[in-house]
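K.L.:
One structure, pasted below without further comment.
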Amino acid sequence: MAAGFKTAEPLEYHRSFLKENCRPDGRELGEFRPTTLNINSINTANGSAMVKVGNTTVICGLKAELTMPPSDAPNKGYIVPNVDLPPLCSSRFRPGPPGEQAQAASQFIADVIESSDLINMEELCIEKAKLCWVLYCDIMCLDYDGNLLDTCIIALLAALKNAQLPEVTINKDTDLAEVDMKKNKHLNINRHPVGSSFAVFDDTITIVDPTAEEESLSTALLTVVTDEEDRLCAVHKPGGTSLSAEKLQHCINRAVTRNKEINKLLNKVMDSMKMSK
């Protein structure tokens, strides 16, 4: 009977749970799904991580290449994130060029990298106007069940923390780059941004970490990104109903707590990797 009700009237089905301050999967309104993290998932990458939030699974592989610095920032390197949503991860996605959601996610990740001051881009420059590192961050969704942005940010942050780049010098005689693969060093991570996504039901009820079904039934979606010093890095709200200042503040407070939870997980995984070496 319940399965038939869910199929015929999915919104009413969810409302019957929300009235009792819970959700169909048994979570409270402000409760995130279990989050797991693995690093060094791809041996051929300079850094990598796989993150699972509930059923949503994302893998990030980081590949570093040497190139010329951009003309408008000759003393900086740069990061190029790309989010891929293949048909493999959900029946809602089709083969072919990146769809609107994948493009929006890639742009959002790029904005977070810039606004959060995640990495000092000058440290990626080897010689001004001559040589710098470009970090290609390929983020692929393996299983899609909502809350893509949060999962992508955790995977990116973990891959960057896990990454190692070889030492590069420029030979003064030949003016060519020399790479020492035996001398690797980790990137300096300035900030640790973490996202918290919310869905709004019936313009009033706010839930955290929505599933794909909850996202499709909501009247608005919101992602708040904060760093470890409780600073607001980004707010992403693609349309939908408006939120009161009180509701927005509630979301920011929850995002601050989430940041602490994820950074604790990240440190635990990084420490366990050091112990195993």
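The values are calculated or read from the model by the stated rules, or taken from the named source; none is laboratory data. A quick note: this is a predicted structure, and the numbers were derived from the prediction, not measured. Here Cβ is always computed from backbone atoms with ideal geometry, including for glycine, and neighbour counts include all displayed protein chains. Heavy atoms of the whole protein, side chains included, go into the accessibility calculation; ligands, DNA and RNA do not. Shrake-Rupley method; radii C 1.70, N 1.55, O 1.52, S 1.80 Å.
K.L.:
Whether any residue in the stretch 87-101 is part of a loop (DSSP other than H, G, I, E, B), within 30 Å of Glu214 (Cα to Cα) and of a type in the set (A, V, I, L, M) is what I want to check. Working first, answer last.
P.N.:
At the first step, the residues of the stretch 87-101 found to be part of a loop (DSSP other than H, G, I, E, B) are 87-99.
Okay, now just the ones that are also within 30 Å of Glu214 (Cα to Cα), so 87-99.
Keeping just the survivors that are of a type in the set (A, V, I, L, M) gives 88.
The answer is yes; a qualifying residue exists.
K.L.:
Let me ask something additional. Scan Asn171, Asn120, Asn147, Asn162 and give me the residue that is on the phi > 0 side of the Ramachandran plot and open to solvent by less than 60 Å² (accessible area, probe 1.4 Å).
P.N.:
Values: Asn171 fails: on the phi > 0 side of the Ramachandran plot; Asn120 fails: on the phi > 0 side of the Ramachandran plot; Asn162 fails: on the phi > 0 side of the Ramachandran plot.
From the options Asn171, Asn120, Asn147, Asn162, the qualifying one is Asn147.
K.L.:
Looking only at the stretch 31-52, how many residues end up being free of Cβ contacts under 8 Å to residues at least 60 places away in the same chain and over 15 Å from the mean Cα position of the chain (by Cα)?
P.N.:
Qualifying residue count for the region: 5.
K.L.:
Out of all the residues in the stretch 151-167, is one or more assigned to a loop (DSSP other than H, G, I, E, B), under 28 Å from Leu37 (Cα atoms) and not aliphatic (A, V, I, L, M)?
P.N.:
As a first pass, look at the stretch 151-167 and keep what is assigned to a loop (DSSP other than H, G, I, E, B): 163.
Of the ones still in play, those that are also under 28 Å from Leu37 (Cα atoms) are 163.
Filter once more, keeping what is not aliphatic (A, V, I, L, M): none.
No: zero hits.
K.L.:
Now for a separate question. Take the residues in the stretch 231-257 that are in a helix (DSSP H, G or I) and of a type in the set (A, V, I, L, M, F, W, C), then tell me which one is most open to solvent (accessible area, probe 1.4 Å). Steps first, please.
P.N.:
First, pick out the residues of the stretch 231-257 that are in a helix (DSSP H, G or I): 245-257.
With of a type in the set (A, V, I, L, M, F, W, C) added as a condition, the list becomes 245, 248, 251-252, 255-256.
Values: Ala245: 85, Leu248: 59, Cys251: 0, Ile252: 32, Ala255: 0, Val256: 26 Å².
Going through the qualifying residues, I end up with Ala245.
K.L.:
In the stretch 46-60, which residues are touching a Leu at 6+ places or on another chain (Cβ under 7 Å), open to solvent by 20 Å² or more (accessible area, probe 1.4 Å) and among the hydrophobic types (A, V, I, L, M, F, W, C)?
P.N.:
Ile59
K.L.:
Being in a strand (DSSP E or B), closer than 23 Å to Leu62 by Cβ and open to solvent by less than 20 Å² (accessible area, probe 1.4 Å), is that true of even one residue in the stretch 175-182? Talk me through it step by step, then tell me what you get.
P.N.:
Kept after step one, since they are in a strand (DSSP E or B), are these residues of the stretch 175-182: 177-182.
Still in the running and closer than 23 Å to Leu62 by Cβ: 177-182.
Narrowing further to those that are open to solvent by less than 20 Å² (accessible area, probe 1.4 Å): none.
No; the residues of the stretch 175-182 include none that is in a strand (DSSP E or B), closer than 23 Å to Leu62 by Cβ and open to solvent by less than 20 Å² (accessible area, probe 1.4 Å).
Listed here are the residues, each with its yes/no results for (1) touching a helix residue (DSSP H, G or I) at 6+ places or on another chain (Cβ under 6 Å); (2) open to solvent by less than 20 Å² (accessible area, probe 1.4 Å); (3) at pLDDT below 90.
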site	(1), (2), (3)
Lys6	yes, no, yes
Glu12	no, no, yes
Arg23	yes, yes, no
Thr35	no, no, no
Asn38	no, no, no
Thr44	no, no, no
Leu62	yes, yes, no
Asn75	yes, no, no
Leu88	no, no, no
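K.L.:
Also: If you check every pair at least six apart or on different chains, which have Cβ atoms under 7 Å apart with a residue in the stretch 235-258 that is touching a residue at least 12 places away in the same chain (Cβ under 8 Å) first and a residue that is of a type in the set (D, E, K, R) second?
P.N.:
Thr241/Asp203; Val256/Asp230
K.L.:
OK, next. What are the pairs, 6+ residues apart or on separate chains, where a residue within the stretch 72-91 that is farther than 14 Å from Lys128 by Cβ has its Cβ under 7 Å from a residue that is modelled with pLDDT of 95 or more and small (Gly, Ala, Ser)?
P.N.:
Between residues of the stretch 72-91 that are farther than 14 Å from Lys128 by Cβ and residues that are modelled with pLDDT of 95 or more and small (Gly, Ala, Ser), the close pairs are Pro81/Ser106; Pro81/Ala110; Asn82/Ser106; Val83/Ala102; Val83/Ala105; Val83/Ser106; Asp84/Ala102; Leu85/Ala102.
K.L.:
Keeping to the stretch 187-230, report how many residues are in contact with a Phe, Trp or Tyr (Cβ under 9 Å, 6 or more places away or on another chain), farther than 20 Å from Val112 by Cβ, in a strand (DSSP E or B) and open to solvent by 10 Å² or more (accessible area, probe 1.4 Å).
P.N.:
The number of residues fulfilling the criteria is 1.
K.L.:
Check whether at least one residue in the stretch 107-115 is in a strand (DSSP E or B), open to solvent by 20 Å² or more (accessible area, probe 1.4 Å) and among the aliphatic types (A, V, I, L, M), and report yes or no.
P.N.:
no
K.L.:
Right, another one. For the stretch 133-144, what are the residues that are open to solvent by 20 Å² or more (accessible area, probe 1.4 Å), of a type in the set (A, V, I, L, M, F, W, C) and either in a loop (DSSP other than H, G, I, E, B) or within 27 Å of Glu122 (Cα to Cα) (or both)?
P.N.:
Result: Trp133, single match.
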